[in-house]
Each structure stands twice: as structure tokens, then as C-alpha cells.
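The values are calculated or read from the model by the stated rules, or taken from the named source; none is laboratory data. All values derive from a computational prediction rather than experimental measurement. Every residue, glycine as well, gets a Cβ built from its backbone with ideal geometry; the counts of neighbours run over all protein chains shown.
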Amino acid sequence: MVAINNSPISFEALSEEKKKYYNFLYRDRQEYLPVSADKYIVKKLESNFPNAENTDVLEIGAGNGRNALEIAKKSYNMTAAELAKSGQDLMIKQAAEYKLDNLSTTGEDFLKNKNKNKFDFIFMSHVSQHFDFKDLNNSLKSINNMLKTNGVAV
């Protein structure tokens with residue numbers, strides 16, 4: 001439980017507020033932000049999984065797709081999880097422009113651990129700082145459960 005304006009609010013309600021915020025953030029963007037992926041993440045992925053075509057990657061909190069699009073361009077099987085529909089729409093449009101059929105987007109909250117898919121590489125960039133300790137701990141457990149044997153989480 002967290003508080004906004006000194007009023008308690010559940011994590012589920014907070015998630016709904018975050019969806020509204022990010023939908024608003026991406027809604028009116030006509031131009032894309034530069035696709036400039038986090039070099040550390042890309043380097044870590046490539047060093048652990050040089051065979052891109054057989055590697056399943058999940059980004060949690062993909063935003064407008066700056067990391068997901070760059071990784072998909074390198075032929076990795078990319079799943080981009082973004083709660084904001086407007087962020088998903090931006091990624092879908094850009095993926096079509098780049099003719100990327102190896103990028104899928106979803107609004108599923110992967111951190112609730114309901115997904116049965118397994119991934120070789122899972123990462124979050126600028127996401128975990130929004131969690132309190134309990135939520136972060138539960139999220140890390142969920143990520144661990146989604147990793148394939150010898151998978152890597154960043």
C-alpha cells in the first residue's frame with residue numbers, strides 16, 4: 001500500500017493511475033523519440049546470447065520502444081510489455097515501418113507472474129525505481145520465474 005496526497009491507495013489502483021499517465025504521455029506524439037537503445041543492455045544481451053534468432057527477449061516497461069525496436073532490428077525475438085496502449089501503438093507503428101515481424105507488444109502486467117512464457121533475457125530500464133521494496137522483491141521473483149534455464153535478467 002502506498003499513499004498519494006496522504007490517502008492510502010492499493011498497488012492495483014496505482015497501476016491504473018500509471019496507465020492513465022503513460023497513455024497521456026504517448027498519446028499525442030506524432031514524431032518518434034530517437035531510437036537510441038541503452039548500450040549496456042544491448043551489449044549484455046549480445047555477449048550472453050550471440051545467436052539472436054533463437055533468443056527470446058522480454059522488456060518490461062518498454063515505453064515508446066527505444067530499446068525493444070533496436071533489439072528487434074538485431075533479429076532477437078522481442079516481446080515488449082508496456083501498460084500504456086499509446087506506447088504500444090507507437091511501437092507497433094515503428095515496427096511496421098522497419099518491417100520487424102519479430103517484435104510483439106502486450107499490455108499484460110508481466111510482474112504479476114500470470115504469464116507462462118519463458119525468456120532467455122529479461123530487462124527493465126528506468127522501471128524498478130518506481131517500486132517500493134515489497135513490490136520490487138515480488139517483481140524480481142516474477143522475473144526469475146519467467147527466465148529459461150541459463151537465462152539472464154538485467
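Details
- Residues located in region 34-56, provided they are over 18 Å from residue 146 (Cα atoms) and not in a helix (DSSP H, G or I): 34, 35, 36, 37, 38, 50, 51
- Subset tally (residues that are under 17 Å from residue 40 (Cβ atoms) and either modelled with pLDDT of 80 or more or surrounded by 12 or more Cβ atoms within 10 Å (Cβ to Cβ) (or both)) for region 127-154: 5
- Test: residue in region 114-125 that is basic (Lys, Arg), touching a strand residue (DSSP E or B) at 6+ places or on another chain (Cβ under 8 Å) and in contact (Cβ under 8 Å) with a residue 40 or more places away in the chain: yes
- The residues listed here are 84, 52; of these, the one that is hydrophobic (A, V, I, L, M, F, W, C), crowded, with 23+ Cβ neighbours inside 10 Å and either modelled with pLDDT under 90 or touching a Lys or Arg at 6+ places or on another chain (Cβ under 7 Å) (or both) is 84.
- Taken over region 66-112, the criterion of being under 14 Å from the mean Cα position of the chain (by Cα), free of Cβ contacts under 8 Å to residues at least 40 places away in the same chain and outside any helix (DSSP H, G or I) is satisfied by 77, 78, 80, 81, 103, 104, 106, 107, 108.
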